[in-house]
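The values are calculated or read from the model by the stated rules, or taken from the named source; none is laboratory data. The structure presented is a predicted model; accordingly, all values stated were derived computationally and were not measured. For neighbour counting, all protein chains shown are included, and Cβ atoms are generated from backbone atoms with ideal geometry for every residue, glycine included. Note: accessible area is taken over every heavy atom of the protein model, side chains too, but ligands, DNA and RNA are not part of it. Shrake-Rupley method; radii C 1.70, N 1.55, O 1.52, S 1.80 Å.
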Amino acid sequence: MTDTRFDPSSADGRWQRAWDDAGTFAADSNSSKPKSYILEMFPYPSGRIHMGHVRNYTMGDVLARYKKMTGHEVLHPMGWDAFGMPAENAAMEKGVHPGGWTHQNIETMKSQLKRLGFALDWTREFATCDPEYYGHEQALFIDLFEAGLVYRKESEVNWDPVDMTVLANEQVIDGCGWRSGAPVEKRKLNQWFLKITHFAEDLLKGLDTLEDWPDKVKLMQENWIGKSQGLEFSFQLSNGDFLPVYTTRPDTIFGASFVAVAADHSVAQAVASGNADAQSFIALCKKGGTTAAELETAEKLGFDTGLTAKHPFTGADLPVYIANFVLMDYGTGAIMAVPGHDQRDFEFATKYCLPIPRVVASSAADAGKPFDGEAEPGDGVIVNSDFLDGMSVEDAKAEVIRRAEKGGWGKGTTVWRLRDWGASRQRYWGTPIPFIHCDACGVVPVPKDQLPVTLPEDVDFSTPGNPLERHPTWKRVACPQCGADATRETDTLDTFINSSWYFLRFASQPANKPFDAEEVAKWLPVDQYIGGIEHAILHLLYARFWTRALQHVGKLDFAEPFASLFTQGMVTHETYSRLQDGRAVYFTPAEVHRTGEAATLKSDGEPVEIGRVIKMSKSKKNVVDPDNIIANYGADSVRWFMLSDSPPERDLPWSEAGIEGCWRFVQRLWRLFDAYDPSATGEDKPLARKAHQTIVAVAGDIEALSFNKAVARLYELTGAAEKAQPSEGRNFAINAILHMVSPMMPHLAEEAWVKMGNTTLIADAPWPTHDPAMLVEDEVTIAVQHMGKLRDTLTAPKGASKEDLEALALASEKVQRSIGGAEVRKIIVVPDRLVNIVT
Ligand code: ANZ
Ligand code: ZN
C-alpha cells in the first residue's frame, strides 16, 4: 500500500528535528574540505518574518545545501541585528523593555525560520544586543580610536525633534527623519566620528576588484564616494577679502556670471551682521533640506550681498550672492556660477535676471546659439572664451588649471563627496560607547579588562530623549586614569556598526576576543552574500570600511569582506482598498475574496478596489503571512514558489494560484518517487540522457543563482519521467530528480529517500554524478542533396560509416524521385552532416 499524498504537517517537523539532532549543518572550521561561506543579510528582529525574508533565505539555503552536496564544508549562519530604534519605540509605546521585546521577537522569528527547514548552523547564532557581542565591538572601537580612526568633533547634526536623536545624513529622507517623518532641524553637538574618508580612494579602487558584484551596486557606491577632480581658486572681493571657490568645470570659467556662497559661509555671516534682511534670508535657508538631492529640486533663492568678485581672466566684477543651493560642507562652500552649463545656476540666473553666457557649444559655428530653457551641462567645444576658444572641454580644463597654478591663484584638487561617519546616537538601545569623560584627563577609553560596558536594565522611557543620560547612577564612575569622579559617555553606537563585522564573528567566536584572525581567514571573504538592494550603499560601504579599518590595525589581512554579492528582487502583491472619508483604507489579501477581474471584502461582500502590484508592505496591507502559507501548504511548496517563475533579481508577484501549483507539483513528485521500481529493466536511453543533461544544467543554474531556470528544467525532466515506462533509465531519472530537488524541497526529499529504503539523510548525500558520454547526442541529422539541392533530411547513428550513409541516402524516396533514373556518377559524404549525390 502506498501513500498517495505527501503530508508536510507530519514530515516537516520530523526532518527539521532529524537535522538538528544530527548536527547536519554545523560548520567545522577544521575540515579539510574546500570551504564555502554563504550568508544572507541577517534580519532585524522586528516581530515576524515576511515574505522578503523567506525569499532571501530560501535562495541562500539552496546554494548552501548545493555546496554541501558538491563536497564543500559550508558555513551558513544566522543571527540578529538586534539593536535599533523600533525596540525603543516599542518601549515607549507599550511600556515594555527593549531587551524583552527584542528577545520575544527573536524567539518568534527563529521558530518561523525553523519551520522553513533552513540549513543553518544555529550553534553560531547570536544577537548584536548580547553583551558578549557588543563588548567585543567596544574593544574594536577602542582599537580604532587608538589608531586614530575614531575621533570626536563638534559638529552640526541632523536633529530629529520627535525621536530626540541625531540622524545620519542617510537617515534624513526629503528633509525628514527616516522613522519619525518629522522635519529635521540643525544642532551643534560633540559627536564621535569614524574616519571612513581615510579610505576613500581605497574604497573606490577596491570596487574594481569586485568582479562578482552587480554593476549597479558598484556604481551606487562610486557615486556615494563621489570623487571629483577640479580647480580650487580664489576670487578677490570688492572688500579686499579673498573667496576660495571649488569647480569641477574650470573650462567654463569665462561663462561665470555671478558668485554664490552658502548661508553658513563666513562671507554670508559677515554680511549678515548688521543686516536684518540678510539674517532673515539665512534663517530661511536653514529651514530647508540639506541634502544635495533636495537642493537640486528646491526653488533656488538668493540674497545679493552687494559685494563683487573680480574675474581672474577678464577682470569683470561679478555680483556675490548668498544662495540656498550652495552646500557649506562641500568643496569650499562657495562657487563660481556658470548658468549656461549648470542647471542650478541656470534656474538662479533666470530668476534673478543675470546673464547666461554660452561657453560650450556643439561646434564653433554654434557660439551664438541661444539656450532652450535649460542649461547644457554636456561636452562640446569651448566658445566665447578668449584663449580657450576651439579647445575640447578636457583640454580647456587642463589649460585653466595650468594657468591658475602658474599664476599662483589656484590649484588642481580632488574633492570627495564621502563624509566621515558620524557614529554617535543619543539612544539607549545600542552599543554603549566605551569612554569616560574626566575633567582632568579628558576622554579616556574604558580599560579593556572592564569591558563590556553593559546597558543598565532599569531604565525609564516615560520621557523622550536618552535614558542613559537620565539614569541616576549608570554614568557616574571613577576615572580609570586618575580615579577622580568622572562621567561615562552616554551616546551609543550607530547600529550600522553592529552589522559591519557580524560576518567575522559568525566565522570565529572566541570568548576572549572579537574573533581569531586565523580562523576567520579559513572562511572569509564570504563566498556569496545575498540581500536587498536597499543596502547597496550604506551597509555594504560601512562593512567594507570596517574590514579595511581592522586590516589597518593589524587584526585582519584582507580588505574586501564579500567576494560575491547578489541583490534579490522583492515579493510583490496587488493592493485592495476603499475610499473612506476621502482617505484610502487598505485590506489584506486574506480579508478579500478575489474573482476574475473583481474583488470583494469577505466580511460585507461589497467590492474593493484592486490596486497596483507593489512591494509587500505593512502600510498597504498587501502582505501574505508566511506562517499561514506554511501551515496550509508546508515549507517545501513555499520554498519552491520562492524559486520559480521570476529570475531572482526581479520582483516576484505572490499569487494563490502560484502556491497551489507548487503544492500540486510537490504531490506529483511524491507520486513519481513512489513509482521508483528497483526491479525495472530496460534502458530508456533518451530519458537517461535527458537526466544526465539536466544534472549538469541544474548545477550550472544553481551556481549562477538562476533558480528559476533550474526549476523549469526540473519541471521538464519530471514531465518526461512521468510519461515513461518503468526502466533503469527511468529509475536513474527519478533518483536524479530526488537529489536535485533536495536543496529546494528538503523535507519531501528526505521523506521519499527513506521510503526508498535508505537509512541516511539525503542532506548528506552528494550531488548526482553524470556520465559525460551520455551528454552527447548519439543521433545526428544528415542533409541529403541531389546536385547540391536539399532533397531530404535523415537521422543516422552518430559516426555512421560512409557506405552506410550512401546507402541510407539512396534509399530515400524523395531522393530517388529527384534522381529519376539518371546515372549516379559520384556521391560526396561529409560524415555526420551531409550526403550529396551527383548525376
Ligand atoms: C562651475 C561649473 C560649471 C560647475 C558647470 C558645474 C558645471 P560635483 O561634480 O557633483 O562634484 N559646487 C561646488 N561646490 C558646491 C557647493 N558647496 N554647493 C553646491 N554646489 C557646489 O559638483 C561640482 C560642481 O558643483 C562645481 O563645479 C560647482 O559648480 C558646484 F558647467 O563650477 B561647478
Ligand atoms: Zn582622570
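Can you give the accessible area per residue of the chain, in Å², using a 1.4 Å probe? Write down the numbers at each step before the final one.
Numbers: 36950 Å² over 839 residues.
About 44 Å² of surface per residue is accessible.
The order of 285, 662 by accessible area, most exposed first and with a 1.4 Å probe, is 285, 662.
Spatial offset of segment 445-520 relative to segment 254-289 amounts to 42 Å, using the alpha carbon center of each. Within segment 742-805, the proportion of Cα pairs with more than 20 Å between them is 58 percent. Under a model in which nothing but the beta-carbon of Lys, Arg (+1) and Asp, Glu (-1) is charged, segment 388-511 shows a dipole of about 240 debye around its Cα centre.
Relative to the dominant Cα principal axis of the chain, helix 85-94 is inclined by about 80°.
Taken as Cα centroids, segment 337-382 and segment 656-727 sit 64 Å apart, rounded to the nearest whole angstrom. Give the calculated FRET efficiency between residue 804 and residue 756 to the nearest 0.05, with a Förster radius of 60 Å applied to their Cβ-Cβ distance. For R0 = 60 Å, the calculated efficiency reads 0.90.
Under a 1.4 angstrom probe, counting protein chains only, how are 824, 666 ranked by accessible area, largest first? Numbers along the way, then the final one.
On the way: 824 55, 666 0 Å².
Ranked from most to least accessible, the order is 824, 666.
The Cα atoms of segment 692-752 define a convex hull whose projected area, averaged across directions, is 4.0 nm².
Evaluated with a Cβ-only charge set (Lys, Arg +1; Asp, Glu -1), the chain carries a dipole of roughly 660 debye about its Cα centre, given to the nearest 20. Once the Cα-Cα distance is subtracted from the 0.36 nm per residue extended length, the residue 478 to residue 212 segment shows a gain of 90.7 nm.
With each run of n ≥ 4 DSSP H residues scored as -39500 (n - 2.57), what mean residue ellipticity at 222 nm is computed for the chain after dividing by its residue count and rounding to the nearest 500 deg cm²/dmol? Display every interim value, and only then the final one.
Working: 27 runs with 297 residues, N = 839.
Computed ellipticity for the chain at 222 nm equals -10500 deg cm²/dmol.
Checking the cross-link pairs 195/475; 195/615; 68/709 against a 24 Å limit on the alpha carbon distance flags 195/475; 195/615 as lying beyond it. Please list log₁₀ I(q)/I(0) at q = 0.08, 0.15, 0.20 Å⁻¹ for segment 178-336, using the Debye equation with identical point scatterers on the alpha-carbon positions. Each listed q maps to, in turn, -0.32, -0.97, -1.30.
Mind listing which trypsin sites (Lys or Arg not before Pro) in segment 717-821 are in a DSSP loop and have 15 or fewer other Cβ atoms within 10 Å? Let's see the in-between values first.
Details: sites: 723, 730, 755, 789, 791, 798, 802, 814, 817; in loops: 798.
For trypsin sites (Lys or Arg not before Pro) across segment 717-821 that sit outside H, G, I, E and B with at most 15 neighbouring Cβ atoms in 10 Å, the list reads 798.
Taking Cα atoms only, the orientation of helix 538-552 departs from the longest principal axis of the chain by about 80 degrees. In loop segments of segment 109-205 as defined by DSSP, the GluC sites (Glu not before Pro) with at most 16 further C-beta atoms inside 10 Å of their C-beta are 125. In terms of its Cα atoms, segment 56-189 spans 56, 42, 30 Å along the principal axes, sorted from long to short.
With r as the distance between the Cβ atoms of residue 449 and residue 487 and R0 = 25 Å, compute the FRET efficiency 1/(1 + (r/R0)^6) and round to 0.05.
Details: r = 21 Å, r/R0 = 0.82.
The computed FRET efficiency comes out at 0.75.
With the whole protein complex present, residue 134 retains an accessible surface near 10 Å², based on a 1.4 Å probe. Computed from Cα atoms, the angle from the helix 8-22 axis to the main principal axis of the chain rounds to 70 degrees. The modelled label-to-label distance for the pair residue 533/residue 350, using points 7 Å beyond Cα in the direction of Cβ, is 3.1 nm.
Once the convex hull of all Cα atoms in segment 122-212 is built, its volume per residue stands at 196 Å³.
Could you work out how much longer the chain between residue 164 and residue 822 gets when fully extended? Use 0.36 nm per residue separation minus the Cα distance between them, nm to one decimal. Before the final figure, lay out the partial values.
Working: separation 658, 0.36 × 658 = 236.88 nm, distance 10.01 nm.
That works out to 226.9 nm of additional length.
Each part gets one Cα centre, and for segment 42-66 versus segment 399-418 those centres are 50 Å apart.
Quick one, what does Rg over Rh come out to for the chain if you take C-alpha atoms and the Kirkwood Rh?
Numbers: Rg = 34.5 Å, Rh = 32.3 Å.
Rg divided by Rh gives 1.07.
Projecting the Cα positions of 568, 695, 426 onto the charge dipole of the chain (unit charges on Cβ atoms of Lys, Arg, Asp and Glu, taken about the Cα centre) puts 695 furthest along the positive direction. Whenever you get a sec, compute what percent of the accessible area on the chain sits on carbon and sulfur atoms (1.4 Å probe). Heavy-atom surface of the chain belonging to carbon and sulfur, 1.4 Å probe: 50 percent.
Return the subset of 789/826; 216/351; 33/755; 186/621; 216/397 for which the Cα-Cα distance in this structure is over 26 Å, preserving the input order.
Distance filter (> 26 Å) returns 216/351; 33/755; 186/621; 216/397.
Note on residue 94 and residue 613: their simple-model spin labels are 3.4 nm apart, each label 7 Å out from Cα toward Cβ.
Hey, got the dipole for segment 469-579? About the Cα centre, +1 on K and R Cβ, -1 on D and E Cβ, debye to the nearest 20? Let's see the in-between values first.
Numbers: 11 positive and 13 negative charges, 60 e Å.
Roughly 300 debye for segment 469-579.
Surface calculation, 1.4 Å probe, protein heavy atoms: residue 242 sits at approximately 130 Å² accessible. With both labels modelled 7 Å from their Cα along Cα-to-Cβ, the residue 765 to residue 188 distance reads 7.1 nm.
The phi torsions of segment 444-460, fed into the Karplus equation with coefficients 6.51, -1.76 and 1.60 and a -60° offset, translate into couplings of 10, x, 5, x, 4, 6, 9, 7, x, 7, 8, 6, x, 7, 7, 10, 10 Hz, rounded to whole numbers, with Gly and Pro shown as x. For GluC sites (Glu not before Pro), the sites in segment 222-328 that DSSP calls loop and that have at most 13 other Cβ atoms within 10 Å are 299.
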